[in-house]
Each structure stands twice: as structure tokens, then as C-alpha cells.
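Peer 1: This structure is in C-alpha cells; I'll ask about it shortly.
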Amino acid sequence: MNGVNDKEETLEWIIEQHLENAGPETPLHFTRYFPAYKFHNPPTKVETLEKAYEMAKKAGVLYPYIGNVSGRKYENTYCPNCGEKLVERYGYYVLKYAITSEKKCPKCGTEIPIIGKYMGKHYS
Ligand SMILES: [Zn+2]
């Protein structure tokens, strides 16, 4: 734990507020803090973000993410029913997109209420 916005009670509060106001199907992002300008605390520990992810998932958030941490499994979207990897990300890149055109999991058919449409790879 390193101080700002990452205490367990704070995380619990954020998750509660999210479920209450946005609902379980709305993605919740935990973004990693990096020191900038006059704020010199060390960067958020990856374990703290992963803990936040797990707390959110347990509390009923269907699509939690962690950000600013490239190459970690929790950047991806998984089917909340069967665990199939639906969207694979690396930083801002989408490496794999497996949701069907009917917005369903290709493995178990669960409806994935994703907003928008995958437009293909943009690497520019
Ligand atoms: Zn599935």
C-alpha cells in the first residue's frame, strides 16, 4: 500500500459506488498512478491494482480492468460466465477480439453488453 486512493476501504467504496451508480455491466477501470509534477509518491503497486480487480470481480463488477500496466492479464476482457478471453489488450492495442457480431461469447453464447463495434486493428 502506498498511500493515496489505494486503501482497502477506499477501494471498497469505489466498487460500491460503481455498482450502485453505474451497475455491474459497466466496465470499471483502475488506472495505475505514476509520479508527475509535484506529486512524488511512488507508482501504484501492481499488486494493489490486481487486488482492486479481484475485489471488484468478487463484489459483482462483470468487467473490471486495470490500466497503465502493460502486458498484464487483467487488461483483457473475459467472459463473465465461462472465462473465455474475449478481448486481448496490450496497452492501447487490441491483439484479439473474439466477441461475435451478435455480441456474444463464442464459447458459451453469453451476451456481452459491449458498447461500440470493433473496427479492426489501428496501429498508427
Ligand atoms: Zn463464455
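The values are calculated or read from the model by the stated rules, or taken from the named source; none is laboratory data. Source: prediction; values computed, not measured. Cβ sites come from the backbone with ideal geometry, for glycine too, and all protein chains shown count toward neighbours.
Peer 1: Starting from region 83-106, take each residue that is on the phi > 0 side of the Ramachandran plot and list its partners that are within 11 Å of the ligand (Cβ to nearest atom) and assigned to a loop (DSSP other than H, G, I, E, B), counting only C-beta distances under 9 angstrom and pairs at least six apart or across chains.
Peer 2: Note: pairs meeting the criteria are 83/107; 103/112.
Peer 1: Among the numbered criteria (1) within 15 Å of the ligand (Cβ to nearest atom); (2) aliphatic (A, V, I, L, M); (3) modelled with pLDDT under 90; (4) touching a strand residue (DSSP E or B) at 6+ places or on another chain (Cβ under 7 Å), which one does residue 95 miss?
Peer 2: (1) is the only condition that residue 95 fails.
Peer 1: Just one of the numbered conditions (1) at pLDDT below 90; (2) farther than 16 Å from residue 29 by Cβ; (3) touching a helix residue (DSSP H, G or I) at 6+ places or on another chain (Cβ under 9 Å) is not true of residue 47; which one?
Peer 2: Here residue 47 clears every test but (3).
Peer 1: Search region 98-124 for residues being within 17 Å of the chain's Cα centre (by Cα) and of a type outside the set (Gly, Ala, Ser), and hand back the single one that is modelled with the lowest pLDDT.
Peer 2: By that ranking, first place goes to 115.
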